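Heads up: the structure comes next, in structure tokens.
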């Protein structure tokens, strides 16, 4: 676990001024299923971004954003659709202003009907995601200008 956290530290975006966690400290989710999903995503840190990638267990070198969140949910025994828009549509949606919990999925796009990215919230205003070509699965700030909302499908 220390090696994973050390790796995560190298990918963490330290530009946020309001974090709830110490640098490199990934809080544990409230629910057991959410903890499994976050642990799974944490174990993927450093894998390459691969468009359409479902990860090594599916024979792919890496993940794309929704492949990572789908695999993390699957590890926790929760079925999610494959693409980010379908994951957003599946809900359950959190009302605006609801405090996020580790394991929640956070979504980005030009609108709620044009979701183009998803990550798994881990606490401290951070998420684990597979961001784009050339960037590995990493920990980064989830507060992007195109944030469109969150769902809580993994808390069982």
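The values are calculated or read from the model by the stated rules, or taken from the named source; none is laboratory data. Note that this is a predicted model, so its numbers are computed, not measured. Counting neighbours? That spans all protein chains shown, and the Cβs are built from the backbone with ideal geometry, glycine included.
If the condition is being in contact with a helix residue (DSSP H, G or I) (Cβ under 7 Å, 6 or more places away or on another chain), crowded, with 24+ Cβ neighbours inside 10 Å and modelled with pLDDT of 95 or more, then the range 108-156 contributes 118, 119, 120, 122, 128, 129, 130, 137, 139.
Exactly one residue out of 10, 24, 46 is at pLDDT 90 or above and surrounded by fewer than 21 Cβ atoms within 10 Å (Cβ to Cβ): that is 46. Screening residue 96 on (1) modelled with pLDDT of 95 or more; (2) surrounded by fewer than 22 Cβ atoms within 10 Å (Cβ to Cβ) shows it passes everything except condition (1).
Taken over the range 120-149, residues that are part of a strand (DSSP E or B) and either without any contact (Cβ under 8 Å) to a residue 60 or more places away in the chain or under 21 Å from residue 50 (Cβ atoms) (or both) amount to 9.
Annotation note: of 153, 56, 81, 102, the sole residue that is free of Cβ contacts under 8 Å to residues at least 60 places away in the same chain and under 18 Å from residue 34 (Cα atoms) is 81. When the range 96-114 is filtered for residues that are more than 19 Å from residue 41 (Cβ to Cβ) and in contact with a strand residue (DSSP E or B) (Cβ under 9 Å, 6 or more places away or on another chain), the ones remaining, listed by number, are 96, 98, 109, 110, 111, 112, 114.
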